[in-house]
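This is the structure, below, for whatever I ask next.
The values are calculated or read from the model by the stated rules, or taken from the named source; none is laboratory data. Since the model is a prediction, treat every value here as computed from it, not as a measurement. Ideal geometry is used to build each Cβ from the backbone, glycine not excepted, and the neighbour counts take in all protein chains shown.
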Amino acid sequence: MQNKQPMNNFLSNLETISTKKKKRLGRGLGSGRGAKSGRGTTRHQKARENIPLGFEGGQGRLTKRFPLLRGKGKNKSRKGNNYVIYLKDLNQFKEGETVDIKKLQEVGLVEKKAKSPHVKLIMKGKLEKKLVVKLSISRHVKEAIEKIGGTVVSA
């Protein structure tokens, strides 16, 4: 009788094959991958071609039904003019001066062309002057301005 032990070791030490064969689609009904060829239940245009996003099967597109919404830049989001100003930037104003959006535009911290700028004052740096502030501000900035002796008027 021969010893079967070496044969068992040999088979269990073989490397596994890790490459899978590519699925051959559309090769007849008998292949199991015929007919719809793994493209879901549709057998029509969406199964065969790349069609445009707005295509509606020959019906007029939604974008063509509303001609005023077409054109360059019509559907861009309308972003406001947001400005972040730090507390240390207010040191360039004079003692007791009122700081509002118009003053910030004069100094150059906010663009003059901005129609309705939204300015937010944030705590960064240290304020050294008493000012009257008419801007939207964070809680920490309000505490810092009032600690120095300035006042905050709600904008």
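Which numbered condition trips up Val110, out of (1) outside any loop (DSSP other than H, G, I, E, B); (2) in contact with a Pro (Cβ under 8 Å, 6 or more places away or on another chain)?
Exception for Val110: condition (1).
Every residue in the stretch 111-135 that is on the phi < 0 side of the Ramachandran plot, small (Gly, Ala, Ser) and surrounded by 13 or more Cβ atoms within 10 Å (Cβ to Cβ), please.
Scanning the stretch 111-135 gives a single hit, Ala114.
When residues of the stretch 84-110 are filtered for being exposed (fewer than 15 other Cβ atoms within 10 Å of the Cβ) and hydrophobic (A, V, I, L, M, F, W, C), how many remain?
Within the stretch 84-110, residues that are exposed (fewer than 15 other Cβ atoms within 10 Å of the Cβ) and hydrophobic (A, V, I, L, M, F, W, C) number 2.
Mind listing whichever residues of the stretch 50-73 are at pLDDT below 70 and surrounded by 10 or more Cβ atoms within 10 Å (Cβ to Cβ)?
Leu69, Arg70 - these are the residues of the stretch 50-73 that are at pLDDT below 70 and surrounded by 10 or more Cβ atoms within 10 Å (Cβ to Cβ).
Note down all Cβ pairs under 6 Å where the first residue falls in the stretch 136-152 and is assigned to a strand (DSSP E or B), the second is of a type in the set (Val, Ile, Thr), and they're at least six residues apart or on different chains.
Final answer for the pair search is Thr151/Val132; Val152/Val133; Val152/Ile145.
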